[in-house]
Structure formats: structure tokens, C-alpha cells
Amino acid sequence: TQLLEQSPQFLSIQEGENLTVYCNSSSVFSSLQWYRQEPGEGPVLLVTVVTGGEVKKLKRLTFQFGDARKDSSLHITAAQPGDTGLYLCAGDNYGGSQGNLIFGKGTKLSVKP
Amino acid sequence: EPEVTQTPSHQVTQMGQEVILRCVPISNHLYFYWYRQILGQKVEFLVSFYNNEISEKSEIFDDQFSVERPDGSNFTLKIRSTKLEDSAMYFCASKGTDNSPLHFGNGTRLTVT
């Protein structure tokens, strides 16, 4: 059974601090996606990483896919209260039309002003 | 921006009753999915649907579950005889092509009493 472990599960920081969220697995994924989920809503895709070692930036968010395509990280620089939310990583082993994503449990981020 | 819409937002039903959860995927999308999220747990894949048939299903998707695309716009999930443990958020998702990202709806919260 493929698993994605996210850490930390909860993170509470002050505005302006930096943080990193990790997503680890013993399995190889063809791609890995990061989502953000607000209460009462569905996950919203932030980024997809496909190539081992790939780094993608989305404003203050930096996403990295491990060389072996088994792990990923999300780094937020100078966090703001608007970054508060649940961050989910999801791995796609099959790619293509199957779209059977394996989700991590998520990291609940709280950024205090 | 087009979005996946799900109805109802909250459904309460008694154990043993049948429920139908409805989804209207984005209009030009071809791949359709159902996921569920039990409170406090990870998002789990249930089933994928393409070209009018199930392309993959998980162990959770047993004989009590069925999906249908009765017309060109709706995509439904039916649970024939609900159990207490079916209580969860059910998310519908769709995508346009093999390599495009999944778009999730805001979910239906199913409560089985």
C-alpha cells in the first residue's frame, strides 16, 4: 500500500516567519501535487511537480520534488495570515487517465498576525 | 472560471436508506472522479469514470456503490444501503485531458444516523 506521510501535522507561526512542510513516501510517484483546502471546500491545486529534482515557485511558495520522486517539500517565505489553511500533498502513481491520487493527511497551518 | 458543482451540500439520511449524490463536472471535461474524506482523515479515492464506464475503483467502492452519467452534464454517486461508516465528505472531481489537473467540487457532507 502506498502511503504519503506529511509533517508536521500542525504548525502555528507568527506572520513573517518561514516554514517548510514535508511529504514523504517509500514509493515512487510519477507526479506529486500540492493542494490547499479551506474548511467546507474541496482541495484546490497549487502546483504539480513531475521531474525528480524539480523546483517550482509560486510567489512566496517554493515546491521541490525529490530526486528519487519519493518526497516533496513546500517552503513558504515570510508567511502571512492569508496563508492559513490545510495543505495537502497527493501522489499520482499512474498518471494518465486514472487520476487515482494518494493523499497525505495534510498540514494545518495557522499564521498569526 | 468554470467549476465543479455538487448538490446537496449536506445530506442527512438514516442507516439502510439509499442516497444519490449529484455532481455537475466542468462542461468540456472527460474524466470524472469521486473521492471521500471521513472527518479527521485523509482524502481517499473511490472511483474514476471515463468514456461512460468505470476505469478504476478502490476497495472502498464495493457493491453498495455505483456511479452514473445519466446525461451530458450530471455525474452521480449512489449508495444503495447506507451504513454509519459512510458518513463523510464526498468530493467529485473532473479533468479535461489525461495530463490536466483535477478540479474538485466543494463536496457533499453525508451524515448517516
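The values are calculated or read from the model by the stated rules, or taken from the named source; none is laboratory data. All figures in this text were calculated on a predicted structure; none of them were measured in a lab. Using ideal geometry, Cβ is built from the backbone for each residue, glycine included, and neighbour counts are taken over all protein chains shown. Side chains are part of the model used for accessible areas, which takes the heavy atoms of the whole protein and leaves out ligands, DNA and RNA. Shrake-Rupley method; radii C 1.70, N 1.55, O 1.52, S 1.80 Å.
Quick notes on this structure:
- Test: B:His29 is open to solvent by 30 Å² or more (accessible area, probe 1.4 Å) and of a type outside the set (D, E, K, R): no
- Once region B:26-45 is narrowed to residues that are under 9 Å from B:Ser94 (Cα atoms) and within 9 Å of chain A (Cβ to nearest Cβ), the residue that is modelled with the highest pLDDT is B:Tyr33.
- Selection within region A:48-81 - open to solvent by less than 40 Å² (accessible area, probe 1.4 Å), modelled with pLDDT under 95 and either within 14 Å of chain B (Cβ to nearest Cβ) or under 11 Å from the mean Cα position of the chain (by Cα) (or both): A:Thr48, A:Val49
- Residue, most open to solvent (accessible area, probe 1.4 Å), within region B:42-62, restricted to residues that are free of Cβ contacts under 8 Å to residues at least 12 places away in the same chain and among the acidic types (Asp, Glu): B:Glu59
- For the residues B:Gly16, B:Gly40, the requirement of being within 23 Å of A:Gly106 (Cα to Cα) and not in a strand (DSSP E or B) singles out B:Gly40.
- Residue-level analysis places A:Leu32 among those that are within 13 Å of A:Gly104 (Cα to Cα) and assigned to a strand (DSSP E or B).
Yes/no per residue for (1) buried (at least 18 other Cβ atoms within 10 Å of the Cβ); (2) within 14 Å of chain B (Cβ to nearest Cβ); (3) at pLDDT below 95:
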{"residue": "A:Ser12", "(1), (2), (3)": "no, no, no"}
{"residue": "A:Asn24", "(1), (2), (3)": "no, no, no"}
{"residue": "A:Val28", "(1), (2), (3)": "no, no, yes"}
{"residue": "A:Tyr35", "(1), (2), (3)": "yes, yes, no"}
{"residue": "A:Asp83", "(1), (2), (3)": "yes, no, no"}
{"residue": "A:Leu88", "(1), (2), (3)": "yes, yes, no"}
{"residue": "A:Asn93", "(1), (2), (3)": "no, yes, yes"}
{"residue": "A:Lys112", "(1), (2), (3)": "no, no, no"}
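- Residue selected from region B:95-113 under the condition over 16 Å from A:Leu46 (Cα atoms) and crowded, with 21+ Cβ neighbours inside 10 Å, by the criterion farthest from the other protein chains (Cβ to nearest Cβ): B:Leu110
- Residue match in region B:82-90 (condition: open to solvent by 30 Å² or more (accessible area, probe 1.4 Å) and either within 11 Å of chain A (Cβ to nearest Cβ) or more than 29 Å from A:Arg36 (Cβ to Cβ) (or both)): yes
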